[in-house]
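The structure appears right after this line, and notes come after that.
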Amino acid sequence: MRGIAAAPGIAIGRVYVKLSALQIEKRYVLDTEAELQRLKTAIETAKIQLKELISATEERLGAKEAEIFNAHLILLDDPELIDSIQLKLFKNKVNAEWAVKETERELVKLFEEIADEYIRERIADINDVSARLLQNLTGTAAFDPKSLGEKVIITAKDIVPSEMAMLTKEHVLGILTEVGGATSHTAIVARVAGIPAIVGIKGLLEGIKDGALIILDGSTGEVFVEPDEGLIELYGERQRHEEQKLEELKQYIGKATVTLDGFTVELGCNIGAPKDLAAVLENDGEGIGLFRSEFLYMDRCSMPGEEEQLDAYRTVVEGMKNRTVIIRTLDIGGDKQLPYLDIPKEENPFLGLRAIRYCLKDKEIFKVQLRAILRASAFGRVRIMLPMISGIGELREARSIIEAAKLELDSQGLAYDKDIKLGIMIETPAAAIISDILAKEADFFSIGTNDLTQYTLAVDRMNESIAHLYNTYHPAVLRLIKLTIDNAHKHGKWVGMCGEAAQDERLIPILLAMGLDELSVSPPKVLSIRRLIAGLSKKQVERQMDKFLELADAEEVLSFIESI
Ligand code: PEP
Ligand code: MG
């Protein structure tokens, strides 16, 4: 079996087949009495489950550990929760699942606004009880990687980015999915976490059964089902060899990233959450070139407030000490949906109400985030970056909201960096083409090749059936990158790259010769890229750039790259 190599590394282990994420849809019902009965049965079942759980936990771990389940049991009799679910069901004539989900969302939102620690703890209880009710209503089991016991290879039709963000190397050996491309956010999160992954495997779920033993090679995209002893030994040997190579790379810790002929390039990291900070520090990332802040908004029932965001940003900023942290503002939409936002379903979500477009539509949500980022800037070196800019108007409007947020902070006496830099991502062809205009007003650029490739080539980055057309080596994409770098430098502006192309070792010599100031990559890639750059002569590649820019297609680009 073979798929798209998404995150490097070898995994040998047993498969755990994960069912699809629970999708709760709104349905109108005629027979509300029957729906109420379904709900009551789900509640009664939940009570029986909890009572069993309480006695089992008391026996195994003691009464104190069982308290949490007692709290859940009490909640199932709490009128605040149960009455409002029933009221919603009756008043709106909706299915019980939707009534549960909506009530959960409202209560969590209400509780989040209360600063009391005890009340906040109840949010987790509400989430747990709602999840149990939804499981009982839909007949599905919840997915909790920590409860798996042994380390497994998670296999699924799809894993959404918010679920992927919960997985860690401590609990998971590898990931296999049927859908997705190499720059889908699920693949990106796997790379940041250092979990070997293969996506877009056709016929995966028919070909692999729960509990099967497999070998997964995340660098080549190969999967071996029920391998024989010889193959296990061979891959076991390769695994040990990889570990040894990682050990050798440690000599690059604490060194600058410099070419053979003395050019320095910044080598930062992409992260999605404060938990990724450890990997950045361990691999000696020189900064955070992209903090995908939207992951803070996922896998929950309502928006994170200003204080909660501040906490997360501050943790990263302080952890990075004096190194720069580029926080990208909310890039929601596309394959990153927030169920609680109530954005109408779109035919083409990647071309829809995404990223800066959403933020400029809902300015209050945007302002809360900007205030949190600004306040975090008092604790270190922070820059703000706007995603998916396609025109100068968006940059101007965002800047004016930032200025308004600054005035608010001034009047409240709250500290922030008065010289904070505002940059933009160059990830639409429009932005690359007018990068000369944008460079006059943006403080810096970071090139997002994942989207730049998808939008330039009109190839959905998520769609495995056209994955062969998704290729950053297409001369159209490479020329836009070159144009962007040249325009930034003409105006004296810094230009980095945080798309996945920045960690493509074959492309890096060209990117350096084009003059890129920074590469931002997943933490596990830092040291091998530093070593690669140490062996490169920038001037030598520069001499070939004229020829390079004349190449006709991705195949020619590839053979050119391989010849230098
Ligand atoms: C990009 O598009 O290249 C990028 C870095 O942003 P994201 O992958 O989060 O869309
Ligand atoms: Mg993008």
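What do you reckon, is Ala431 closer than 24 Å to Met514 by Cα, in contact with a His (Cβ under 8 Å, 6 or more places away or on another chain), open to solvent by less than 20 Å² (accessible area, probe 1.4 Å) and of a type in the set (A, V, I, L, M)?
Answer is no for this residue.
Would you mind listing the helices (runs of 4 or more DSSP H) fully within region 183-302 where at least 2 residues are free of Cβ contacts under 8 Å to residues at least 60 places away in the same chain?
In region 183-302, the matching helices (runs of 4 or more DSSP H) lie at 229-249, 277-282.
In region 356-389, how many residues are touching a residue at least 60 places away in the same chain (Cβ under 8 Å) and within 16 Å of ligand 2 (Cβ to nearest atom)?
3
Can you report the number of residues in region 312-355 which are away from ligand 1 (no atom under 16 Å from the Cβ) and either surrounded by 15 or more Cβ atoms within 10 Å (Cβ to Cβ) or basic (Lys, Arg) (or both)?
We begin by selecting, within region 312-355, every residue away from ligand 1 (no atom under 16 Å from the Cβ); these are 312-324, 339-347.
Filter once more, so that each one left must be either surrounded by 15 or more Cβ atoms within 10 Å (Cβ to Cβ) or basic (Lys, Arg) (or both): 312-317, 319-321, 323-324, 339-341, 343, 345.
Summing the residues that are away from ligand 1 (no atom under 16 Å from the Cβ) and either surrounded by 15 or more Cβ atoms within 10 Å (Cβ to Cβ) or basic (Lys, Arg) (or both) in region 312-355 gives 16.
Out of everything in region 434-456 that is polar (S, T, N, Q) and away from ligand 2 (no atom under 12 Å from the Cβ), what residue ends up being surrounded by the most Cβ atoms within 10 Å (Cβ to Cβ)? If you could, list the steps in order and put the result at the bottom.
Kept after step one, since they are polar (S, T, N, Q), are these residues of region 434-456: 435, 446, 449-450, 453-454, 456.
Filter again for away from ligand 2 (no atom under 12 Å from the Cβ), leaving 435, 456.
On the way: Ser435: 25, Thr456: 21.
It comes out as Ser435.
Condition first: out of contact with any Gly (no Cβ under 9 Å at 6 or more places or on another chain) and touching a residue at least 40 places away in the same chain (Cβ under 8 Å). Can you find one or more residues in region 345-355 that meet it?
no
Does any residue in region 537-557 that is under 17 Å from Asn471 (Cα atoms) come within less than 7 Å, Cβ to Cβ, of a residue that is open to solvent by 40 Å² or more (accessible area, probe 1.4 Å) six or more places away or on a different chain, and which pairs are these?
Going by the 7 Å Cβ cut-off, the qualifying pairs are Leu549/Arg479; Leu549/Lys482; Ala554/Asn471; Ala554/His474.
Within region 403-438, which residues are among the aliphatic types (A, V, I, L, M) and assigned to a helix (DSSP H, G or I)? Before the answer, list the steps.
Step one: of region 403-438, the residues among the aliphatic types (A, V, I, L, M) are 404-405, 407, 409, 414-415, 420, 422, 424-426, 430-434, 437-438.
Listed by number, the residues that qualify are Ala404, Ala405, Leu407, Leu409, Ala430, Ala431, Ala432, Ile433, Ile437, Leu438.
The values are calculated or read from the model by the stated rules, or taken from the named source; none is laboratory data. Computed from a predicted model, the values in this text were never measured in an experiment. Here the Cβ is made from the backbone with ideal geometry for all residues, glycine too, and neighbour counts use every protein chain on show. Note: accessible area is taken over every heavy atom of the protein model, side chains too, but ligands, DNA and RNA are not part of it. Shrake-Rupley method; radii C 1.70, N 1.55, O 1.52, S 1.80 Å.
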